[in-house]
Amino acid sequence: MNDRTPEPRSVDPWADLRDLTIARVGLGRCGDAIPARDVLAFQLAHAQARNAVGATLDAATLGLDDVIEVHSRATDRATFLQRPDLGRQLAEEDAPRLPPGAYDVAFVLADGLSATAVTRQAPGVLAACLKALPGWSVAPVVVAHQARVALGDEIGERLAARFVVMMIGERPGLSVADSLSLYVTANPRPGRADSERNCISNIHPRGGLSPQLAADKLAWLLREAIRIGGTGVNLKDDPSAALPSA
């Protein structure tokens, strides 16, 4: 009689790696195809990404008071997706709605390529950012529709803000469809290059940045931008310095 503990029939060599990432690794096979559960999970993720790109941003669902709503020159979602240039320009009729003032920073909540991300993440991130910037003069919050990142430049200039922070929905992937990014630009005005901005990305609850950590990073970047005289490639992120304990 053999009293040895029997060996398991199979050992999954990918199990430990799957615990560390939401990426699709080592899906296995069922006959000449991958397992049905993985096919269905992929189809669900693809549908969620498509829905996020096509979703519209409803400012009323954000739970914010006294926001200013503006639109880009892209008149609908199809135009926005096909004409990125129009998404970077403010609609002429909305320009008078942005009152200039002596503001340190302006926050713009923009749908970008995932209005779902803005609806779910932006209110909490905005609240954390405002707490992280005591004493700063903040412009009225702007909600921008059919907006690309560069739309914040014109908005910030019209508000006469020293910095503009564009909270915008990232392009959805097949792992996360509601990830938010913050783009920080000093002395905003039309024509600013992407190299003149700093970005804090992957703000979401499934392994991404938390609202508090994103706010701490933003506050650090803004203080450093004041110290060195601008944002962009000359402003290098220091992960350790952006932590609350630093």
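Pairs, please: C-beta under 9 Å, at least 6 apart or cross-chain, first residue closer than 17 Å to Pro188 by Cα and in contact (Cβ under 8 Å) with a residue 24 or more places away in the chain and in region 79-90, second among the aliphatic types (A, V, I, L, M) and assigned to a helix (DSSP H, G or I)?
That search, which allows pairs on different chains as well, returns Gly87/Leu81; Gly87/Leu151; Arg88/Leu151; Gln89/Leu151; Leu90/Leu151; Leu90/Ile155.
I'd like the full set of residues that are of a type in the set (D, E, K, R) and either surrounded by 12 or more Cβ atoms within 10 Å (Cβ to Cβ) or within 18 Å of the chain's Cα centre (by Cα) (or both), limited to region 61-75. Don't jump to the end; show me each part of the working.
Within region 61-75, the subset of a type in the set (D, E, K, R) is 65-66, 69, 73.
Correct list: Glu69, Arg73.
Six or more apart or on different chains, Cβ under 8 Å: which pairs go from a residue in region 176-190 that's in contact (Cβ under 8 Å) with a residue 40 or more places away in the chain to one that's aliphatic (A, V, I, L, M) and assigned to a loop (DSSP other than H, G, I, E, B)? Could you list them?
Between residues of region 176-190 that are in contact (Cβ under 8 Å) with a residue 40 or more places away in the chain and residues that are aliphatic (A, V, I, L, M) and assigned to a loop (DSSP other than H, G, I, E, B), the close pairs are Val176/Ile22; Pro190/Ala150.
Restricting attention to region 92-119, and to residues there that are touching a residue at least 60 places away in the same chain (Cβ under 8 Å) and assigned to a helix (DSSP H, G or I), which single residue is surrounded by the fewest Cβ atoms within 10 Å (Cβ to Cβ)?
Ala95
State all residues of region 162-207 that are assigned to a loop (DSSP other than H, G, I, E, B) and crowded, with 19+ Cβ neighbours inside 10 Å; if no residue qualifies, say none. It would help to see each step written out before you state the result.
If we filter region 162-207 for residues that are assigned to a loop (DSSP other than H, G, I, E, B), which is where we start, we get 170-179, 187-193, 204-207.
Residues satisfying the conditions are Glu170, Pro172, Val176, Ala177, Asp178, Ser179, Pro188, Arg192, His204.
Under 30 Å from Ala45 (Cβ atoms), β-branched (Val, Ile, Thr), surrounded by fewer than 18 Cβ atoms within 10 Å (Cβ to Cβ) and out of contact with any Ser or Thr (no Cβ under 7 Å at 6 or more places or on another chain) - does that describe any residue in region 76-84? Walk me through it before giving the result.
Of the residues in region 76-84, the ones under 30 Å from Ala45 (Cβ atoms) are 76-84.
Now narrow it down to the ones that are β-branched (Val, Ile, Thr): 79.
Now restrict to residues that are surrounded by fewer than 18 Cβ atoms within 10 Å (Cβ to Cβ): 79.
Retained after the next criterion (residues that are out of contact with any Ser or Thr (no Cβ under 7 Å at 6 or more places or on another chain)): 79.
The answer is yes, given that some residue of region 76-84 is under 30 Å from Ala45 (Cβ atoms), β-branched (Val, Ile, Thr), surrounded by fewer than 18 Cβ atoms within 10 Å (Cβ to Cβ) and out of contact with any Ser or Thr (no Cβ under 7 Å at 6 or more places or on another chain).
Thr116 versus (1) polar (S, T, N, Q); (2) in contact with a Gly (Cβ under 8 Å, 6 or more places away or on another chain); (3) at pLDDT 95 or above: which is the lone unmet condition?
So the condition that Thr116 fails would be (3).
So which residues in region 172-190 are more than 9 Å from the chain's Cα centre (by Cα) and modelled with pLDDT under 95, if there are any at all? Before you say what the answer is, go through the steps one by one.
Here is the first cut: in region 172-190, the residues more than 9 Å from the chain's Cα centre (by Cα) are 172-177, 184-190.
Scanning region 172-190 gives Pro172, Gly173, Leu174, Ser175, Val176, Ala177.
Just checking, how many residues over region 137-160 are among the hydrophobic types (A, V, I, L, M, F, W, C), free of Cβ contacts under 8 Å to residues at least 40 places away in the same chain and either in a strand (DSSP E or B) or surrounded by fewer than 23 Cβ atoms within 10 Å (Cβ to Cβ) (or both)?
Start the filter on region 137-160 by keeping residues that are among the hydrophobic types (A, V, I, L, M, F, W, C), which leaves 138-139, 141-144, 147, 149-151, 155, 159-160.
Checking which are free of Cβ contacts under 8 Å to residues at least 40 places away in the same chain leaves us with 138-139.
If we keep only those that are either in a strand (DSSP E or B) or surrounded by fewer than 23 Cβ atoms within 10 Å (Cβ to Cβ) (or both) too, we end up with 138.
Total satisfying the criteria: 1.
How many of the residues making up region 138-152 are more than 12 Å from Val105 (Cα to Cα) and over 13 Å from the mean Cα position of the chain (by Cα)?
6
The values are calculated or read from the model by the stated rules, or taken from the named source; none is laboratory data. The structure displayed is predicted, hence computed values, not measured ones. Note: ideal-geometry Cβ built from the backbone for every residue, glycine included; neighbour counts use all protein chains shown.
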